[in-house]
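What follows is a single structure, written as C-alpha cells, with notes after it.
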There are 2 protein chains.
Amino acid sequence: MPQDVTFDLPFDTPVSEHLQYARGRHLRWVWDMGLVRSQDGFEEYRSWDLPEAAARTYPHASAEDMVVLMNWFSLAFLFDDQFDAGRPDRADRVAEVARELIVTPLRPAGSTPRVVCPITVAWAQVWERLSHGMSLTWQTRFAASWGRFLQAHTEEVDLAARGLAGTLGLDEYAAFRRRTVGIHHSIDAGERSRGFEVPAQVQAHPLMVRMRDLAADTIGFMNDIHSFEREKRRGDGHNLIAVLHRERGYGWEEAAAEAYRMTRACLDEYLRLEAQVPEMCDELRLTDDQRADVRKGVEAIQHWINGNYEWALTTGRYAADKESPAAEAELAGRGSLDDLLAVGR
Amino acid sequence: MPQDVTFDLPFDTPVSEHLQYARGRHLRWVWDMGLVRSQDGFEEYRSWDLPEAAARTYPHASAEDMVVLMNWFSLAFLFDDQFDAGRPDRADRVAEVARELIVTPLRPAGSTPRVVCPITVAWAQVWERLSHGMSLTWQTRFAASWGRFLQAHTEEVDLAARGLAGTLGLDEYAAFRRRTVGIHHSIDAGERSRGFEVPAQVQAHPLMVRMRDLAADTIGFMNDIHSFEREKRRGDGHNLIAVLHRERGYGWEEAAAEAYRMTRACLDEYLRLEAQVPEMCDELRLTDDQRADVRKGVEAIQHWINGNYEWALTTGRYAADKESPAAEAELAGRGSLDDLLAVGR
C-alpha cells in the first residue's frame, strides 16, 4: 500500500533526454564491474530502474555524465543492501568497506583502493569522473557529506547487528534518518551534473544549511513511506512508520497517516524557506552570475525532491508484493542476492 | 646539524600566557589517557615539548582551550610514530586506526569510537571540545583537511611497509609532502582557537587556497630540514634532503642547501600572495568585520609558520645526538616506545 501514497509537489521537473542511451551503457557497466554477479541479481537490479532516478534527479547532465551518475547510484544502492541479518559479523566488513568509500574522495583522484571489492573499485572509478572539474571547496563539501552518510550507514548496520535496530525514540530516529538518507551529497552532485557551483558563502548561510536539512528530512520520510512494505518484509525497523507504530502505539494506518503529516510539514517548511532565498542573495550582496548559480542550486534540491518522488512511485525496489528470488532472499534475512564485499571479483 | 638551520622569518608572533598552566594539565591528561605507557616513553614525550608548539601556534587560545589543543597535538604526534619497520603487518592496524580518526569528525560529537585504542579514545574526547561552537562549514573543512592528512599518512606507512619509502621522485615527493605535513587542518584549528571563522568565500578563493598550500610546503620542507637527523636515525626516507640526495645525486651538504633554497622559495611566494589579500577582500566586497576575520585567518597561518619554526629549533624530538631509550628504539627500527594502537588501555 504505502508505495501508492502520493504527495502534491509544487515542482515541475524535467527528465533527461539521455535516459535510454545512458541506461544501456550503465547496465553493461554494472555487469562488467561485477556489481551484479547472478542473473537473478541482475533482474532484481533492473527492476529498480535506478537509471530513471538518475535521469530525474540530474536532468541536465550530459549523456556521458549521465552514465557516470547512474554508475554511482548503482554502487551506493547495492552497497546499502550488503548487510546480512543472518551474519552479524558481516558488520565489520561493511564498516571496512564504508571507510574505504569515505577516504576515496580524500586522496588524489584515480588512486587504487586499499580495501578491494567490486563496490570500492567501482567507486574509485566513478569518483575520478565525478570530481572532474570541481573546485577543492566543492570536493571538500562532497567528501564530508558523503562521509557523514556512510558513517551513519555503518552505525545503522551496527545497530542491526546488535539487534537494536528498532530501539530509537522518535526524535533520535529523525536525527539519525537525516544522516542515513544520503541527500546532502546527492544535492552536491547536482552542481557537478550541471557544471556550476553554488557560491561558498551561500552554502555556509544558515538558510541554505536548513533548506538542505529539510530536503533530507522530506526525502527520508517520503522514502520511509514508499519503501515501507519492502522494509517490513526485510525486518528493517529503520523506518518512520515502524517507529511511530512502536513509540506512539499507533496502528499501522494511523502511523502511516502521521508519517505523511510529518513529511508534509518538512516540505512546507522547506518551501517557506525557499521563498526567502532572494532576500539571502541581497544580504550576501551577490552578483547576477552568483544569483543564477543559487537558482540552479535550488533547482538541484527540487530535482531531488521531485525526481526521487516520481521514481519511488514506480520502482520495483519498493514493490509491496513480489515473487522473485530477491523477495525470497529478503524473507530469509539476506540483504541481497550477490555478495559485493568479497575480495576480488 | 640541520636542527640548527635558521630562517629569517618576517613574522613576530606571540606565545600564549597559558603555557605553564596548560602544560601541567596536559601532561597529566597524556598519562591518564594512556597515551604514554612507560616512564621512558613519558620522558621522551616531555622532551619534545609539544606544549610549547601549541602555545606558539595558537597563542590566543583560552587557558582551557590551550589544554585541548595540546591534547590534540599529543595524539597526532604520537600516532605519527606508531609504525614499526620490523612489523610491516602493523600497517593494517595503522590504517584501521587512521580511518577511525577520519570518521570521528563525520559523526555527532561525543560518539563512541568503533575502533578502540588510546589514540582513538583521546581523539573522540578532543574532537568534542575542538568542534564546540564551530559552524557546519568549518567542521566540514576541518574534517576534509584532517581526513586528507590521515589518508596520506596511511599511504606513507604503506610505502614503508612495502619497502618503497625512498622511491618517490622529487615532484611526486613534494606533492606527497604537502599532504603528509598536516598543515591545512592545523590552520583550520586556528579559527577555533580564537573563536572566529574566515568567511567561506575567502577560503574558496584561489588566492587563499594557494596560500594554504604554500604554507604547508614551507612548513613541510622546514620540518624536513629540522628533523633530518632524527629521520636519518629512524631510516625514514620521507624527507626532502634524502630525496634530493638520492634523485639529484647531491652530497648531503649540497642537498641540505638545495632544500633550504626550495623552502625559502615557497615562503617568498607565500609572502607575495599574502600582500594581495586586501585586493581579494575588495574583489569579494567584504564588510569590515569580514576583513578583520580574514586578517585573523592570515595571522593563523603566520602563527603556524613562525611558531612551528621556533619550536623546531629546540625540541628534543628533532635532536641530532641523543642517548636515550627512545633513540635506542629508533635505531632498532621501532617507531615508538609505547604501543598505542592495541585494544583497550
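The values are calculated or read from the model by the stated rules, or taken from the named source; none is laboratory data. In this text, all values refer to a predicted model and were calculated from it rather than measured experimentally. Note that each Cβ is placed from the backbone with ideal geometry, even for glycine, and that neighbours are counted across all protein chains shown.
Quick notes on this structure:
- Residue within the stretch B:78-93 that is within 14 Å of chain A (Cβ to nearest Cβ), of a type in the set (Gly, Ala, Ser) and buried (at least 22 other Cβ atoms within 10 Å of the Cβ) present: no
- Some residue of the stretch B:64-73 being crowded, with 17+ Cβ neighbours inside 10 Å, closer than 18 Å to residue B:318 by Cβ and touching a helix residue (DSSP H, G or I) at 6+ places or on another chain (Cβ under 6 Å): yes
- Hits in the stretch A:297-343 (condition: charged (D, E, K, R) and modelled with pLDDT of 75 or more): A:299, A:310, A:317, A:338, A:339
- Taken together, the residues in the stretch B:108-130 that are part of a loop (DSSP other than H, G, I, E, B) and under 16 Å from residue B:339 (Cα atoms) amount to 3.
- Condition check for residue B:160: crowded, with 18+ Cβ neighbours inside 10 Å, more than 12 Å from every other protein chain (Cβ to nearest Cβ) and either not polar (S, T, N, Q) or not in a helix (DSSP H, G or I) (or both): yes
- Pair list, Cβ under 7 Å, 6 or more apart: the stretch B:9-37 residue within 17 Å of residue B:300 (Cβ to Cβ), other residue small (Gly, Ala, Ser) and not in a helix (DSSP H, G or I): B:16/B:61
- Residues considered: B:168, B:130. Of these, the only one that is over 30 Å from residue A:175 (Cβ atoms) and either of a type in the set (Asp, Glu) or in contact (Cβ under 8 Å) with a residue 24 or more places away in the chain (or both) is B:168.
- Screening the stretch B:173-207 for residues that are among the β-branched types (Val, Ile, Thr) and free of Cβ contacts under 8 Å to residues at least 60 places away in the same chain and picking the one that is nearest to residue B:290 (Cα to Cα) gives B:181.
- Residues in the stretch A:144-157 include none that are closer than 26 Å to residue A:54 by Cβ, β-branched (Val, Ile, Thr) and more than 12 Å from chain B (Cβ to nearest Cβ).
- Boolean, residue B:122 is over 19 Å from the mean Cα position of the chain (by Cα), under 26 Å from residue B:83 (Cβ atoms), buried (at least 20 other Cβ atoms within 10 Å of the Cβ) and aliphatic (A, V, I, L, M): no
- First in the stretch A:208-229 and among the small types (Gly, Ala, Ser), second anywhere and outside any helix (DSSP H, G or I) and surrounded by fewer than 24 Cβ atoms within 10 Å (Cβ to Cβ), Cβ under 8 Å, 6 or more apart: A:216/A:181; A:220/A:181
- Of all the listed residues (B:285, B:291, B:295), the sole one being closer than 30 Å to residue A:282 by Cβ, of a type in the set (D, E, K, R), without any contact (Cβ under 8 Å) to a residue 60 or more places away in the chain and touching a Lys or Arg at 6+ places or on another chain (Cβ under 7 Å) is B:285.
- Scanning the stretch B:33-73 for residues that are under 21 Å from residue B:17 (Cβ atoms) and small (Gly, Ala, Ser) gives B:53, B:54, B:55, B:61, B:62, B:63.
- Summed over the stretch B:150-170, the residues that are modelled with pLDDT under 90 and among the hydroxyl-bearing types (Ser, Thr, Tyr) give a count of 1.
- Selection status of residue B:100, part of a helix (DSSP H, G or I), of a type in the set (Asp, Glu) and within 12 Å of chain A (Cβ to nearest Cβ): yes
Quick grid of which residues meet (1) in contact with a Lys or Arg (Cβ under 7 Å, 6 or more places away or on another chain); (2) among the hydrophobic types (A, V, I, L, M, F, W, C):
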position: A:32; (1), (2): no, no
position: A:36; (1), (2): no, yes
position: A:50; (1), (2): no, yes
position: A:67; (1), (2): yes, yes
position: A:92; (1), (2): no, no
position: A:103; (1), (2): yes, yes
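- Identity of the residue in the stretch A:112-143, touching an Asp or Glu at 6+ places or on another chain (Cβ under 8 Å) and of a type in the set (Val, Ile, Thr), that ends up nearest to the other protein chains (Cβ to nearest Cβ): A:137
- When A:269, A:247 are checked against the criterion of being without any contact (Cβ under 8 Å) to a residue 60 or more places away in the chain, surrounded by 15 or more Cβ atoms within 10 Å (Cβ to Cβ) and over 21 Å from residue B:286 (Cβ atoms), A:269 stands alone in meeting it.
- Residue, farthest from the other protein chains (Cβ to nearest Cβ), within the stretch A:176-229, restricted to residues that are of a type in the set (Val, Ile, Thr) and in a helix (DSSP H, G or I): A:225
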